[in-house]
Amino acid sequence: MATAIATPNIAFVKYWGNRDEKLILPAGGSISMTLDRQFTTTTTVYFPGSLGADEIKLNGKGVEAGEARRIVEHLDAMRKAAGSKLRARVESVNSFPTSAGLASSASGFAALTLACAKALGLHRNMSELSALARLGSGSACRSLFGGFVEWEMGKRKDGEDSVARQIAPPSHWPELRDVVAIVSGEKKHISSREAMRRTVETSRLFKERMGTHGRRLDAVREALLEKDAGALFEEIMTESGSMHAVMRDSRPPIIYMNEVSARIVDAVKEFNAAGEGRARCGYTFDAGPNAHVITTQRYENEVREMLLDVKGVKQVMVSGVGEGPEMSEEHLFKI
Ligand code: PMV
């Protein structure tokens, strides 16, 4: 039995599209910041040796069939790695609304991977564990580390070099903030996996995006390492726009942002125009309408106020740079 706690991450350079869908090998690299413990997934896994099938509970309830299948598939991948056939009892709780579009799959599969590995006695380093987490949900591999993380796309066919690594610890830039504006608590109308497939298959713009993706990764990595806030904010806004453009360019189009998101884009533009010529914050949107507005501690309160003033914003939460996952001795259930 083992319990792990993991947090989501917000991508500054996005993962969108696979070159191998089965092994979740991405078409390009990605870079993220791990969120702090205000947003956590805690997962306990137990392999009692007496179960005929996996038993899964999320936030105290059973899970729907599609979700259960994904979790069982991940348990299968973990069992295969450990050479085990034992069925598991899994319980998981999120400290934030699962359906609020706050990347519960990243923290969820990161916590599941770590708890499973420990419960199965699978001794792997963090890089190898990130490759396993990737199989559950691509972005989960980045939640295995704290601070600033890069998922390298890798070149190998078997995916063993498609792993995440920390590029800078949280102490490198502790003033950075993710001010999250919750716009909608609705579930995604199309899963990111299905949407990515559609983009890769139908968007012509996708090719163009991938043609400049390496340069974007270099620019964001450099802005992070140099702590160049203005450059970082500009880059992430362009990058978010690029991902949402290829989504829209897909047939039929995929639209995750809504009118409230659009109002946030305008509000950020205005907020930055009032500055001294350099961006004071930058937005980025994942596969949903919620905004992540990245800023520094200096502007945190102003950005929060600015977002609360946008019509349609339901809630604003602020996260600092997270330390990454940890194992816990407090399990969610007793044997
Ligand atoms: O890990 P997935 O399959 O849920 O995909 C995540 C995709 C984005 O959140 C939109 C981008 C990213 O890199 O996190």
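The values are calculated or read from the model by the stated rules, or taken from the named source; none is laboratory data. Worth saying up front: this structure is predicted, and the values here are computed from it rather than measured. Neighbour counts run over all protein chains shown; Cβ positions are idealised from the backbone, glycine included. Side chains included, ligands, DNA and RNA excluded: accessible areas come from the protein's heavy atoms. Shrake-Rupley method; radii C 1.70, N 1.55, O 1.52, S 1.80 Å.
Some observations on this one:
- Net charge, Gly83 excluded, C-beta distance under 14 Å - Lys, Arg +1, Asp, Glu -1: +3
- Bridgeable aspartates and glutamates around Lys155 (alpha carbons under 14 Å apart, same-chain partners fewer than 8 residues away excluded): Asp20.
- Segment 192-335 - percent relative contact order, Cα under 8 Å, separation 6 or more: 21
- When the solvent-accessible area of the chain is split by element, carbon and sulfur atoms take up 49 percent of it, the probe being 1.4 Å.
- Within the assembled protein chains, the solvent-accessible surface assigned to Arg216 is about 40 Å², based on a 1.4 Å probe.
- Overall form of segment 209-335 per C-alpha gyration tensor (a/c, 1.5; a/b vs b/c): rounded
- The angle between the Cα long axis of helix 65-82 and the longest principal axis of the Cα atoms of the chain comes to about 70 degrees, rounded to the nearest 10.
- Taking 23 Å as the straight-line reach from the Cα of Lys334, the lysines in range (excluding those fewer than 8 positions away in the same chain) are Lys57, Lys61, Lys85, Lys118.
- Prolate/oblate/rounded call for segment 174-257, Cα gyration tensor, a/c under 1.5 rounded: oblate
- Pairwise FRET efficiency - Lys311 versus Asn125, Cβ, R0 = 45 Å, nearest 0.05: 0.40
- Average Cα contact separation per residue, the chain, under 8 Å, 6 or more apart, as relative contact order %: 25
- With all protein chains kept in place, the per residue accessible area of segment 176-319 amounts to 49 square angstrom at a probe of 1.4 angstrom.
- Acute angle (nearest 10 degrees) that the helix 229-248 long axis makes with the longest principal axis of the chain, alpha-carbon atoms: 70
- Largest accessible area first, the residues Arg177, Arg198, Arg298 order themselves as Arg298, Arg198, Arg177 under a 1.4 Å probe with ligands, DNA and RNA left out.
- The protection proxy used here, the mean number of other Cβ atoms lying within 10 Å of each residue, ranks peptides 119-125, 242-248, 47-53 as follows, highest first: 242-248, 119-125, 47-53.
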